[in-house]
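Each reported figure results from applying straightforward, stated rules to the coordinates on display, with no laboratory input. Source: prediction; values computed, not measured. Methodologically, a virtual Cβ is constructed for each residue, glycine included, from the backbone with ideal geometry; neighbour enumeration extends over all protein chains shown.
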Amino acid sequence: MIEKLISVLVPAYNHEQYIQETIRSVIGQSYKNIELIILDDGSSDKTLEKIKELESECNERFVRFEYSSQKNSGRISTFNSLLFKAKGEYIAYIASDDKYMPDALSLEAEALDRDDSAVLAVGINYFIDGSSRRCFWDSNKKTVYDESKAKWLSSTDILSETRITSDDFGKYPLLINNNHVPNGYLIRKTAFDKIGPYVDEAPLEDVWLMFQLSKYGRFIFINKPTFLYRWHDTNTMKQVAYIKEIHDITLKYERSLYVNEPEDGMTQSYLSYRENYLKEAVTSFDTLHKEFVNRQILDEIMLEMKKSNIVNAFLYCANDLSEYVLKRMELTNYKVLKVFDMRACDELNKQFSCRVEQFTKDKLIKNSCIIICSQRSWKEIKNSISSVCSEMNIPIFVFNPYSRFLYQ
């Protein structure tokens, strides 16, 4: 079987001590049909010199070898520039301090060759330290060398902990909660025709890429070690906080895509997740909007009370609306004296923190107001009490947020 061309893309930056190990791990692949493209993103160390030292060896090994440097432009620009140069049917990104295991690309290419519906294949990651010595992670992701003191020996332990099966691996609903895909993956080039290039609005580029790929095809997990992921204990809380910040930005941008995305060719797992999310988002928005309108109307009423030097209020109708007004006014300098309702009874008195009584003129006091809390009957109530209130110079306000929703 003829091997498809694999483009191995290396975004290099300030890794003079590791870049040759990375390149030699590509040279040592059992898979033969490889082009290697390296772009140095303005390194301030000797990374570019280290690449040049292996130029003749790379020209001999690869069907195409290209390296170049640019003024420091950041990861998004570098990844897109590399992608633009790639000619292979399969794409592999590798950081300039990581390493492949010898059969990595062979195993991943075989997996993609067997399944046209798959867009990504990846195997197990082992961890190595700054000296390329195999290491493990403790519960704080700190480097340890004693297996008995380790929580994670490889990326499979992380997958096992999250209980993600091979059937669920790479599905969008799971990825959106936690990017569980290890490094060293191989991607079908045609997938980029659907998802497009990396975007500045999604600064955590690997997470963004996983989101997009999972919308268009299956991910294959190969239960064999394929990659050596270099872990530096220099990761500080500041870096962790930064990653969280750009993850949140990336996720926010991802959510913004839901409304206008074309659905052609998208996976059912993604479409189902998106539909449910949008339904919940609309419900949440309606709830927030209702609270906003409620507060806006009540603030307008209390402003009018303030203008007239009114601090006491009566509510009319013992219902959810009046309960909302009552609770809100308890947090202010305004006081609710009574709740009027035709259904005045002991049961209602248990529900409200102030007494519920039937409306009569003698229960009113001067320098107060009445707030009618009713969706449907407020006009009838207002007409029935307006003459009494006018006689005692008691203003009537209407708290009816629903009319705002219907007619605004």
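For the chain, what relative contact order do you get, as a whole percent, if you take Cα pairs closer than 8 Å and at least 6 residues apart? Let's see the in-between values first.
Working: 660 pairs, mean separation 52.3, N = 408.
Across the chain, relative contact order equals 13 percent.
Within the set of other residues whose C-beta is less than 14 Å from the C-beta of L54, count the net charge using Lys and Arg as +1 and Asp and Glu as -1. It would help to have the intermediate numbers written out before the result.
Values: positive: R24, K46, K50, K52, R61; negative: E16, E21, D40, E49, E53, E55, E57, E60, E66.
Result for the neighbourhood of L54: -4.
Count the DSSP beta bridges whose two residues both fall in the chain, then state the antiparallel fraction as a percent rounded to the nearest 5. Intermediate results must be reported in sequence, preceding the final value.
Details: 13 of 55 bridges.
So the antiparallel bridges amount to about 25 percent of the total.
Enumerate the amide H contacts of S377 below 5 Å, restricted to partners 5 or more residues apart or on another chain; note that Pro and chain-start residues carry no placed amide H.
HN-HN under 5 Å from S377: empty list.
I need the P(r) histogram for the chain: all alpha carbon pairs, bin width 10 Å from 0 out to the longest distance, whole percents.
4, 17, 22, 14, 8, 9, 11, 9, 4, 1, 0
Quick one: of K46/K141; K85/K194; K171/K279; K306/K382, which pairs are farther than 27 Å apart, Cα to Cα?
Working: K46/K141 30 Å; K85/K194 18 Å; K171/K279 20 Å; K306/K382 22 Å.
From the list (K46/K141; K85/K194; K171/K279; K306/K382), the Cα-Cα distance tops 27 Å for K46/K141.
Among all helices in the chain defined by DSSP H, which have a length of 20 Å or more along the axis from Cα atoms plus a Kyte-Doolittle mean of at least -1.0?
On the way: long enough: 237-256 (29 Å, -0.61); 268-307 (58 Å, -0.66).
Those that pass (Cα extent of 20 Å or more, hydropathy at least -1.0) are 237-256, 268-307.
Past 20 Å, Cα to Cα, is the threshold; run K189/K244; K327/K350; K338/K366 against it and keep the listed order.
Working: K189/K244 29 Å; K327/K350 15 Å; K338/K366 14 Å.
Too far apart for the 20 Å limit: K189/K244.
Which net charge results for the neighbourhood of L204, defined as the other residues with beta-carbon distances under 15 angstrom from its beta-carbon, given Lys and Arg at +1 and Asp and Glu at -1? Kindly include the intermediate steps, with their values, before the conclusion.
On the way: positive: R75, K244, K252, R255; negative: D200, E201, E205, D206, E245, D248, E254.
Cβ neighbours under 15 Å give a net charge of -3.
Just to confirm a number: summing +1 for Lys and Arg and -1 for Asp and Glu over residues other than D138 whose beta-carbon lies under 10 angstrom from that of D138, what do you get?
Values: positive: K141, K142, K149, K151; negative: D146.
Combined, the nearby Lys, Arg, Asp and Glu give +3.
Considering only C-alpha atoms, what is the centroid distance from the stretch 10-72 to the stretch 340-403, in Å?
Between the Cα centre of the stretch 10-72 and that of the stretch 340-403, the gap is 80 Å.
Can you tell me, using C-alpha contacts under 8 Å and at least 6 residues apart, the relative contact order of the stretch 251-408 as a whole percent? Could you put the intermediate results ahead of the total?
Numbers: 161 pairs, mean separation 32.7, N = 158.
Reported relative contact order: 21 percent.
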